Amino acid sequence: MHRVSQVEVLREWLRVERSHPDVEWFPIDSLSERAALDELLDRKPGAAAFVWRDAPVTWYETTLDRADFAELRVVEGPTDLRWRDLSPDGTIRGAADRVASEDPEKLSAETGVDVETVLEFVDEMPDGPLVVSTREGCVPRYVADGNHRAVALALRIRSGEFSPQRAYLGVGANPVAKPLLERLCGGFRCLFEE
């Protein structure tokens, strides 16, 4: 694992997005960090929200082995998020178990996740790293971008096939002191307003 700059990660993330057939081309390499983040937030607001929400984020390029991969969770977000509907326990492995055991069309209709794309990726995996987010401390790792690919990889593991997966790991600040100070300030304010 080695440290990389945020602008490098944002540009690579946008390159992966650009490779999707329904995304128009734009000049990624000339984008500043701020412009790349704005572009990414415009295209992937939910997935990229942690970049500003957990700032500052320290980025690492790494390779996920089987043990690292087994611990990954689907994209972080509200409990009614479609990926959470697909994975009863919130893990990538849990999503793969459902895809392997249920009818793809019914599962797509129930969850809103394009299960057919996951199954296509099992046979032909697109290029690009996963983007994984976490915070300092004992916090799970979430797939911020690449959930379809991650579930496809988990399906490959079920059949005994696994190749280490390249990933960018974003480690955000875990703001413990600031919320505590805000709560204390609020408590004192209530005392003096009475």
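Please treat every number below as a calculation from the coordinates, not as lab data. Because the structure is predicted, anything quoted here is derived from the model rather than measured.
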P(r) of region 33-106 over all Cα-Cα pairs, 5 Å bins starting at 0, rounded to whole percent, reads 3, 13, 16, 19, 20, 16, 8, 4, 1
Tail beyond 18 Å, pair distance distribution of region 67-147 (Cα, percent): 41 percent
Under 5 Å between amide hydrogens, which residues at least 5 positions from Thr91 or on another chain qualify, with H placed 1.01 Å from N in the peptide plane? Val74
Mean residue ellipticity at 222 nm from the helices of the chain, using -39,500 (n - 2.57) per DSSP H segment of n ≥ 4 over the full residue count, to the nearest 500 deg cm²/dmol? -15000 deg cm²/dmol
Each residue of region 126-135 in turn: what ³J(HN,Hα) in whole Hz from Karplus with 6.51, -1.76, 1.60 and θ = phi - 60°, glycine and Pro shown as x? x, 6, x, x, 6, 10, 10, 10, 7, 10
Can you give me the convex hull volume of the Cα atoms of the chain, divided per residue and expressed in Å³? 153 Å³
Tilt relative to the chain, helix 92-101 - C-alpha long axis, 0 to 90 degrees, to 10: 40 degrees
Going by alpha carbons, how many degrees (0 to 90, nearest 10) lie between the helix axis of 147-158 and the longest principal axis of the chain? 50 degrees
Under a 5 Å amide H to amide H cut-off, with H placed in plane at 1.01 Å, what residues pair with Leu64 once short-range neighbours are removed? Gln165, Arg166, Ala167
